[in-house]
Amino acid sequence: DTAVSQTPKYLVTQMGNDKSIKCEQNLGHDTMYWYKQDSKKFLKIMFSYNNKELIINETVPNRFSPKSPDKAHLNLHINSLELGDSAVYFCASSQREREGYTFGSGTRLTVV
Amino acid sequence: AQSVTQLGSHVSVSEGALVLLRCNYSSSVPPYLFWYVQYPNQGLQLLLKYTTGATLVKGINGFEAEFKKSETSFHLTKPSAHMSDAAEYFCAVSSYNNNDMRFGAGTRLTVKP
């Protein structure tokens, strides 16, 4: 039973399209996150939500819009996809910062 | 703001040799420090963490790390490398109620037979 699950695992799409990545956690955690990992493996936080409320919004183009329908779900919608959006996107969740984050297995987005 | 610097983007060791992956942090508040491992095409898995208390922490797969406040370091070690240890390793820093964990650039560990 996967703790943090993301769908889809792979996503190939054309420039200009709109796409969504879904994330669900069954750990009962209050906080969820989106991270972007680029081709050099660098991980950058994009958003964090606590109990459906946005608490961190890093410098991310407004083409990226997170949506949290409930505290177990945090979806990422991306408008007008660009080549530079190609990356692996990771969802994560946590209950207390001191316990660390639990990561999903990632969504590899390729924009062509 | 908190940050982490990992020294060495690539470390190569022989099987059975000591593994040492270096991490230095910057934080204006007491830090929480973490090491994660990422195997190819997988997510990040928590190896170990330091929050408070004992400065030498042990994790999974025989890894351990020591928090040294005076050196602002949290280096990861393993006495004897195994082929299965080959992966990307990330050091990360956060703090109480932060909800904003920051990662280092990662160190790729290669283990030679």
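Taken together, the values in this text are just the output of simple stated rules run on the coordinates, not laboratory data. Only a predicted model underlies this, so the values are computations on that prediction, with no experimental measurement involved. With ideal geometry, Cβ positions are generated from the backbone for all residues, glycine too; neighbour counts draw on all protein chains shown.
In table form, for the structure just shown:
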{"quantity": "Low-density loop cleavage sites - trypsin sites (Lys or Arg not before Pro) in segment A:62-94, where at most 14 other Cβ are within 10 Å (DSSP)", "calculated": "A:R63"}
{"quantity": "Max mean-square fluctuation residue, GNM over chain A, Cα-Cα springs under 10 Å, options A:S86, A:S65, A:S39", "calculated": "A:S39"}
{"quantity": "Sum of side-chain charges, A:A72 neighbourhood, beta-carbon under 11 Å (Lys, Arg +1; Asp, Glu -1)", "calculated": "-1"}
{"quantity": "Straight-distance crosslink candidates among lysines, where the alpha carbon sits under 19 Å from A:K41 and sequence neighbours closer than 8 are dropped", "calculated": "A:K9"}
{"quantity": "Relative contact order (percent, whole number), chain A, Cα cutoff 8 Å, 6+ residue spacing", "calculated": "37 percent"}
{"quantity": "Amide H contacts of B:D100 (H built 1.01 Å from N, under 5 Å, at least 5 apart or other chain)", "calculated": "B:S95"}
{"quantity": "Above-threshold pairs, the threshold being 26 Å between Cα atoms, out of A:K67/B:K58; A:K44/A:K67; A:K52/B:K69", "calculated": "A:K67/B:K58; A:K52/B:K69"}
{"quantity": "Segment A:45-61 versus segment B:37-94: alpha-carbon centroid distance in Å", "calculated": "27 Å"}
{"quantity": "Local net charge near B:L47, Cβ-Cβ under 11 Å (Lys/Arg +1, Asp/Glu -1)", "calculated": "+1"}
{"quantity": "Listed residues B:H75, B:G16, A:N50: farthest to the positive end of the dipole of the protein assembly as shown (Cβ charges)", "calculated": "B:G16"}
{"quantity": "Sorted by Cβ neighbour density within 10 Å, fewest at the top, the residues B:T107, A:T110", "calculated": "A:T110, B:T107"}
{"quantity": "Packing-based exposure ordering (other Cβ within 10 Å, fewest first) of A:D30, A:D85", "calculated": "A:D30, A:D85"}
{"quantity": "Neighbouring partner chain Cβ atoms per residue of B:89-98, average, 10 Å criterion", "calculated": "3"}
{"quantity": "Order of B:T110, A:T2 under a 10 Å beta carbon neighbour criterion, fewest first", "calculated": "A:T2, B:T110"}
{"quantity": "Derived scalar couplings ³J(HN,Hα) [segment A:44-60; Karplus, 6.51 cos²θ - 1.76 cosθ + 1.60; whole Hz; x for Gly, Pro]", "calculated": "10, 5, 10, 9, 9, 10, 10, 6, 6, 9, 5, 10, 9, 9, 5, 5, 10"}
{"quantity": "Peptide B:102-109 - average C-beta neighbours from other chains (10 Å radius)", "calculated": "3"}
{"quantity": "Efficiency of FRET between A:I56 and B:T110 - r from beta-carbon atoms, R0 30 angstrom, step 0.05", "calculated": "0.30"}
{"quantity": "Residue among B:A65, B:A86, B:A17 with the largest mean-square fluctuation in a Gaussian network model of chain B, springs linking Cα atoms under 10 Å", "calculated": "B:A17"}
{"quantity": "Sequence-separation-based contact order of chain B, relative, with Cα cut under 8 Å and 6+ spacing, percent", "calculated": "38 percent"}
